2 protein chains.
Amino acid sequence: MEVFYSNTIADGKIRLSPEETTHCVKVLRHKVGDEVKVSGGDGNLYRCTISDISGKSAELSIISIEGEFGKHPYYLHIAVAPTKNIDRYEWFLEKATEVGIDAITPILCAHSERKVVKEERQERVIIAAAKQSLKGEIPAAAPLTPVKEFIDSVRNFDGGKYICYCDSELINAEGNAIPRIPITEAIRRQTADGAELRSIVLIGPEGDFSLDEIHHAAAAGFIPVSLGESRLRTETAALTATLAHYLHCL
Amino acid sequence: MEVFYSNTIADGKIRLSPEETTHCVKVLRHKVGDEVKVSGGDGNLYRCTISDISGKSAELSIISIEGEFGKHPYYLHIAVAPTKNIDRYEWFLEKATEVGIDAITPILCAHSERKVVKEERQERVIIAAAKQSLKGEIPAAAPLTPVKEFIDSVRNFDGGKYICYCDSELINAEGNAIPRIPITEAIRRQTADGAELRSIVLIGPEGDFSLDEIHHAAAAGFIPVSLGESRLRTETAALTATLAHYLHCL
């Protein structure tokens, strides 16, 4: 199934961007009258006919709307320090979108090696993955945000807040090891009474979160979780956290 | 922790390849007498001192051996049709090794677009990932194998055998839909009585398995499993199956 993407929707009509029009008309050789499907990025799948092709833009007439298209049965927001090698971060954006995620925030940490993320490029990767994997809803992508600012902004989030870090022997101010539970166990506890699965997960940079950042997160209600014994790269850790949610709801 | 890799081990001595020697001596500037760690690819981590550096090769003396290094608590063999874009397949090799896998067999299917896999390159990607993620054991990588030949060769495997395919409305010879269970449920059933988790998972090409291949697998005891509602690319499906095993054992 081929799905186009457009968020220019009004009065029963959808307009395709020049890029999407080229793909539709030049590559797939669709003509006026053909039936096509469009993801609106708003959770809807629109069944349409092509009503007009003029120049670089195609106009479609909506026949029917399928709601909650490609929806996943959980809410997940991952805040992750983008990797030094941007390909690895973009790989995560693609895979997480493909699997199912609601929001992604790149975070700037004390040990971050990457201090810049191009928002346009981030959005392009996510939209391409959403289209390819037939998602009706496009995950929200935020600009690069200092980690403490992010933590403070989600203080009142209604759901589970988790922080993943590598070093297993972090000691708190009282001299005790900070305990961690496996992320799968955290998810089970959250949904034990039949509650909806709603999570924010923090994933640190290659050099891990600083102790100060972990304490800041813990003070804001983030629960330290473990992703197991394997030494995972940042982007693998972020996808593992995503798949822990996806697989839990299978 | 920096870990070198060598499988040239005899009489309490380890010899590093020219490539590993360059990394050890030129990049990391180690000298005779320095202590280094070596993964033998045999499940052991060797603590050594550098006893000799001559020309392109370094000789190390073993001080102590740590067994079952970086071991994961399950056995997993994934047989997957390599993707047309080889980067996507190699990405899977890297990520699966990082997470924990025992064997990978690239398979040739009726709908395969890729009909060649360079074995040397496949091995290089796996070894690099095993080193980076501190695995003592290097996953076994087989040459490209016709899928039915592969299915026949594992007929007597002691564990769960699973096949993932996309189309949910496949009909068997009797006109009934072939039922599928979620992979997480298959894993739970396999381990319900405390049995060790041991699996072989078949992942098809971009064009999916043919009905003939699915029937061949079913006749050999493969259980049809589902990876959920998301439309996953081949390499994402293969990693999702890997993480289903990893996360189950967390």
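The values are calculated or read from the model by the stated rules, or taken from the named source; none is laboratory data. On a predicted model such as this, the values are computed, not experimentally measured, just so you know. When we count neighbours, we look across all protein chains shown, and the Cβ atoms used for this are built from the backbone with ideal geometry, even at glycine. Only protein heavy atoms, including side chains, enter the accessible area calculation; ligands, DNA and RNA are left aside. Shrake-Rupley method; radii C 1.70, N 1.55, O 1.52, S 1.80 Å.
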Exercise. Which condition number does B:Val154 fail, the rest of (1) out of contact with any strand residue (DSSP E or B) (no Cβ under 6 Å at 6 or more places or on another chain); (2) β-branched (Val, Ile, Thr); (3) open to solvent by 10 Å² or more (accessible area, probe 1.4 Å) being met?
Worked result: (1)
Exercise. Only one residue in B:Ile181, B:Ile223, B:Ile203 is among the β-branched types (Val, Ile, Thr), surrounded by fewer than 19 Cβ atoms within 10 Å (Cβ to Cβ), in contact (Cβ under 8 Å) with a residue 40 or more places away in the chain and more than 14 Å from chain A (Cβ to nearest Cβ), so which one is that?
Worked result: B:Ile223
Problem set entry | Search result, residues across the stretch A:99-138 that are within 14 Å of chain B (Cβ to nearest Cβ) and at pLDDT below 95 | A:Ala128, A:Ala129, A:Ala130, A:Lys131, A:Gln132, A:Ser133, A:Leu134, A:Lys135, A:Gly136, A:Glu137
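Just to be sure before I move on: is A:Thr191 polar (S, T, N, Q) and either open to solvent by 50 Å² or more (accessible area, probe 1.4 Å) or closer than 25 Å to A:Tyr89 by Cα (or both) in the structure I sent?
no
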For this session: Look at B:Lys135 and say whether it is touching a residue at least 12 places away in the same chain (Cβ under 8 Å), under 19 Å from B:Asp42 (Cβ atoms) and under 13 Å from the mean Cα position of the chain (by Cα).
Result: yes
For this session: Kindly indicate which of B:Ala58, B:Ala79 is small (Gly, Ala, Ser), part of a strand (DSSP E or B) and in contact with a Phe, Trp or Tyr (Cβ under 7 Å, 6 or more places away or on another chain).
Result: B:Ala79
For this session: Scan the stretch A:90-109 and give yes if some residue there is without any contact (Cβ under 8 Å) to a residue 40 or more places away in the chain and open to solvent by 50 Å² or more (accessible area, probe 1.4 Å), otherwise no.
Result: yes
Problem set entry | Residue check for A:Ala81: within 17 Å of A:Gly204 (Cβ to Cβ), surrounded by 17 or more Cβ atoms within 10 Å (Cβ to Cβ), among the hydrophobic types (A, V, I, L, M, F, W, C) and more than 14 Å from chain B (Cβ to nearest Cβ) | yes
Exercise. Identify, please: which residue in the stretch B:66-77 is surrounded by fewer than 17 Cβ atoms within 10 Å (Cβ to Cβ) and either away from chain A (no Cβ under 11 Å) or without any contact (Cβ under 8 Å) to a residue 60 or more places away in the chain (or both) and is, among those, nearest to B:Phe157 (Cα to Cα)?
Worked result: B:Glu68
Problem set entry | Residue in the stretch B:229-245 that is more than 10 Å from chain A (Cβ to nearest Cβ), buried (at least 17 other Cβ atoms within 10 Å of the Cβ) and outside any helix (DSSP H, G or I) present | no
Exercise. Could we say that A:Ile63 is surrounded by 19 or more Cβ atoms within 10 Å (Cβ to Cβ) and away from every other protein chain (no Cβ under 14 Å) here?
Worked result: no
Exercise. On the given criteria, is B:His248 open to solvent by 50 Å² or more (accessible area, probe 1.4 Å), within 14 Å of another protein chain (Cβ to nearest Cβ) and closer than 21 Å to B:Phe157 by Cβ?
Worked result: yes
Problem set entry | The one condition in (1) within 11 Å of chain A (Cβ to nearest Cβ); (2) of a type in the set (D, E, K, R); (3) in contact with a strand residue (DSSP E or B) (Cβ under 8 Å, 6 or more places away or on another chain) that B:Glu196 fails to fulfil | (1)
For this session: Tally the residues that are over 15 Å from B:Pro146 (Cβ atoms), of a type in the set (D, E, K, R) and open to solvent by less than 60 Å² (accessible area, probe 1.4 Å), restricting the search to the stretch B:110-122.
Result: 0
Problem set entry | Restricting the stretch B:1-29 to residues that are among the polar types (S, T, N, Q) and out of contact with any helix residue (DSSP H, G or I) (no Cβ under 7 Å at 6 or more places or on another chain), the residue that is least open to solvent (accessible area, probe 1.4 Å) | B:Thr21
